[in-house]
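Enquirer: Please find one structure pasted underneath; my questions will follow.
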Amino acid sequence: MNIQEIIAKKRDKKELSKEEIDYFVREYTNGSITDYQASALVMAIYINGMNDMEITNLTLAMAHSGDILDLSELGEIIDKHSTGGVGDKITLILMPIIASLGIPVAKMSGRGLGFTGGTIDKLESIPGYNTNITTEKFIENVKNIGISLMGQTLNLAPADKKLYALRDVISCVDSIPLIASSIMSKKIAAGANKIVIDVTCGSGAFMKTREDAEKLAQIMTSIGNLANKETVCVITNMDEPVGYAVGNTLEVIEAVDILKNKYMPEDIKNIIEELGGNMLVLAKKVNNIEDGKKLIIENIKNGKAYSKLLELVKNQGGDFSYIEDTNKFEKAKFICPIISKQNGKITRIDALKVGELSCYLGAGRQKKEDSINPKVGFIFNKKVGDIVEKDEVIGYVHADDEDKAKYVLEQDVVETK
């Protein structure tokens, strides 16, 4: 068996066997297959696709390329994942709620790349919060307080790390087979028994159309079931940013305010109810999603979810006084209003453009080694469908560079008719 034959086979639209896929993943991970050879195969997969069995075999090979985390001593773990988007702070809100309902939360999350943001970047904007803990400490935290959120360990699905970096530089990120296998390999390696996936769909997501989102959801559900991991996918809208805040510290503040029951954007309410309801059903905490939704809102209103967030932050070394008083977070140097140009109804807040401009301001990274600025981003005070008047403030740009702020303000991210 050799890589040239495998490349030629996929180039000619033929199905790869499990043995061929295992060989490729193993030899590429250990460096025997070169980047240019792997690039050729990845491009062939991007162009010609893979069937469900090929995708499942690729997923399992990547999952088993490194450590498989054993969380069996914690009982049944229900993991949650999002395919990414703009303003997506759902993990920060939902996981403390789930833990407050007595379901163990042991979640490894990633850093953001491009405009989609990363949960770990948001957590690290809380002074002192330690995302780089050992797996032993991770498990101990879940045993002690019922929740731990940490960064991915270095040896979790190493094949995926190599392949993702390669896909990024050869413009092969937005391939359904490659996205599905990347997500599911990490979820399988991370040790959860059951998985709920938020498949985002729209201008600010990888999946731009409902059809593609449904296809990705179907493939990931199939992979999960074939891997004996009961998997549920929920498709959510990413045509406008999630909630009102975009940017690391800004999203933490919004998540805290929601858990303090200060306000609840309708889109966030719908997402946490749907994802959380499915998680509670999988955990056999409730018999149906509607009962799960009621428990979720109840634990926000009674303060138990907020208390669990405080406990999480304190337990992982974070200064929880920033959670108690979010005014302590350092603010950007320039906070500039976005002014409505006409009377009318907001018809669009372009999630993709908002994400790209947030990245330009410094809230995201183009390369994995880039540093981020936790203070910058956007705060909107309107959503699509809201009525606005000419010269009304519809949001703010938070920037540390005045020229960048001016440039961002010149861009039309909000459409009104």
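The values are calculated or read from the model by the stated rules, or taken from the named source; none is laboratory data. Given the structure is predicted, the values throughout are model-derived calculations rather than measurements. When we count neighbours, we look across all protein chains shown, and the Cβ atoms used for this are built from the backbone with ideal geometry, even at glycine.
Enquirer: Can you tell which of ILE33, ILE55 is touching a Pro at 6+ places or on another chain (Cβ under 8 Å) and among the hydrophobic types (A, V, I, L, M, F, W, C)? Can you show your working first?
Expert: On the way: ILE33 fails: touching a Pro at 6+ places or on another chain (Cβ under 8 Å).
Matching residue, one of ILE33, ILE55: ILE55.
Enquirer: Still on this structure, I have one more. Give me a count of the residues in the stretch 268-280 that are surrounded by fewer than 20 Cβ atoms within 10 Å (Cβ to Cβ) and either in contact with a Leu (Cβ under 8 Å, 6 or more places away or on another chain) or aliphatic (A, V, I, L, M) (or both).
Expert: Residues that pass the stated criteria total 0.
Enquirer: Answer with yes or no whether ALA157 is at pLDDT below 95, surrounded by fewer than 18 Cβ atoms within 10 Å (Cβ to Cβ) and of a type outside the set (Lys, Arg). Don't jump to the end; show me each part of the working.
Expert: Working: at pLDDT below 95: yes; surrounded by fewer than 18 Cβ atoms within 10 Å (Cβ to Cβ): no; of a type outside the set (Lys, Arg): yes.
Considered against the rule, which asks whether it is at pLDDT below 95, surrounded by fewer than 18 Cβ atoms within 10 Å (Cβ to Cβ) and of a type outside the set (Lys, Arg), ALA157 comes out as no.
Enquirer: Among the residues of the stretch 189-211, which ones are in contact (Cβ under 8 Å) with a residue 12 or more places away in the chain and over 18 Å from the mean Cα position of the chain (by Cα)?
Expert: Keep residues of the stretch 189-211 that are in contact (Cβ under 8 Å) with a residue 12 or more places away in the chain, which gives 189-207, 210.
Within the stretch 189-211, ASN193, ARG210 qualify.
Enquirer: Name the residues in the stretch 1-23 that are in contact (Cβ under 8 Å) with a residue 24 or more places away in the chain and of a type in the set (A, V, I, L, M), would you?
Expert: Of everything in the stretch 1-23, those that are in contact (Cβ under 8 Å) with a residue 24 or more places away in the chain and of a type in the set (A, V, I, L, M) turn out to be ILE3, ILE6, ILE7, LEU16, ILE21.
Enquirer: Tell me whether the stretch 286-303 contains one or more residues that are buried (at least 20 other Cβ atoms within 10 Å of the Cβ), within 17 Å of the chain's Cα centre (by Cα) and among the hydrophobic types (A, V, I, L, M, F, W, C).
Expert: To start, the set of residues in the stretch 286-303 that are buried (at least 20 other Cβ atoms within 10 Å of the Cβ) comprises 292, 296, 299-300.
Okay, now just the ones that are also within 17 Å of the chain's Cα centre (by Cα), so none.
No - not one qualifying residue is present in the stretch 286-303.
Enquirer: So ILE379 ticks every box in (1) under 26 Å from LYS107 (Cβ atoms); (2) not assigned by TED's automatic domain parsing to the domain that holds GLU266 but one. Which box is left unticked?
Expert: With (1) under 26 Å from LYS107 (Cβ atoms); (2) not assigned by TED's automatic domain parsing to the domain that holds GLU266 applied to ILE379, the lone miss is (1).
Enquirer: Within the stretch 169-181, does at least one residue satisfy the condition of being touching a Ser or Thr at 6+ places or on another chain (Cβ under 9 Å) and closer than 18 Å to VAL232 by Cβ?
Expert: yes
Enquirer: One residue is enough: does the stretch 392-402 have a residue meeting the conditions over 18 Å from LYS89 (Cα atoms), outside the structural domain of LYS161 (by TED's automatic domain parsing) and touching an Asp or Glu at 6+ places or on another chain (Cβ under 7 Å)?
Expert: From the stretch 392-402, those over 18 Å from LYS89 (Cα atoms) are 392-397, 399-402; that's our starting set.
Going one step further and asking which of them are outside the structural domain of LYS161 (by TED's automatic domain parsing), we end up with 392-397, 399-402.
Checking the rest, the ones that are also touching an Asp or Glu at 6+ places or on another chain (Cβ under 7 Å) come to none.
No, the stretch 392-402 contains no residue that is over 18 Å from LYS89 (Cα atoms), outside the structural domain of LYS161 (by TED's automatic domain parsing) and touching an Asp or Glu at 6+ places or on another chain (Cβ under 7 Å).
Enquirer: Shifting gears a bit: Restricting attention to the stretch 114-173, report how many residues are closer than 17 Å to LYS308 by Cβ and polar (S, T, N, Q).
Expert: Selection size over the stretch 114-173: 4.
Enquirer: Can you tell me which residue is modelled with the highest pLDDT among those in the stretch 205-249 that are acidic (Asp, Glu) and closer than 29 Å to GLU76 by Cα? I'd like the intermediate steps shown before the answer.
Expert: Residues of the stretch 205-249 that are acidic (Asp, Glu), as a first pass: 211-212, 214, 230, 239-240.
Next cut, closer than 29 Å to GLU76 by Cα only: 214, 230.
Details: GLU214: 96, GLU230: 92.
Residue satisfying both the conditions and the ranking: GLU214.
Enquirer: Now, a different point. Identify the residue in the stretch 256-267 that is touching a Lys or Arg at 6+ places or on another chain (Cβ under 8 Å) and under 23 Å from GLY385 (Cα atoms) and, among all such residues, is surrounded by the fewest Cβ atoms within 10 Å (Cβ to Cβ).
Expert: My answer is GLU266.
So that you can scan it fast, the table gives a plain yes or no per residue for (1) of a type outside the set (S, T, N, Q); (2) touching a strand residue (DSSP E or B) at 6+ places or on another chain (Cβ under 9 Å); (3) modelled with pLDDT of 95 or more:
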site	(1), (2), (3)
GLY84	yes, yes, no
ASP88	yes, yes, no
LEU94	yes, yes, yes
SER100	no, yes, yes
VAL105	yes, yes, yes
GLY118	yes, yes, no
ASP121	yes, yes, no
ASN132	no, yes, no
THR135	no, yes, no
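Enquirer: Another one. Among the residues that make up the stretch 222-232, is at least one of them free of Cβ contacts under 8 Å to residues at least 24 places away in the same chain and surrounded by fewer than 24 Cβ atoms within 10 Å (Cβ to Cβ)? Write out each step before concluding.
Expert: Looking only at the stretch 222-232, we keep the residues that are free of Cβ contacts under 8 Å to residues at least 24 places away in the same chain, and these are 225, 228.
Retained after the next criterion (residues that are surrounded by fewer than 24 Cβ atoms within 10 Å (Cβ to Cβ)): 225, 228.
Yes.
Enquirer: Looking at the structure I just gave you, is ASN278 under 18 Å from the mean Cα position of the chain (by Cα) and in a helix (DSSP H, G or I)?
Expert: On the way: under 18 Å from the mean Cα position of the chain (by Cα): yes; in a helix (DSSP H, G or I): yes.
So ASN278 passes the test.
Enquirer: Are any residues in the stretch 165-203 crowded, with 24+ Cβ neighbours inside 10 Å and basic (Lys, Arg), and if so, which ones?
Expert: Listed by number, the list holds a single entry, LYS187.
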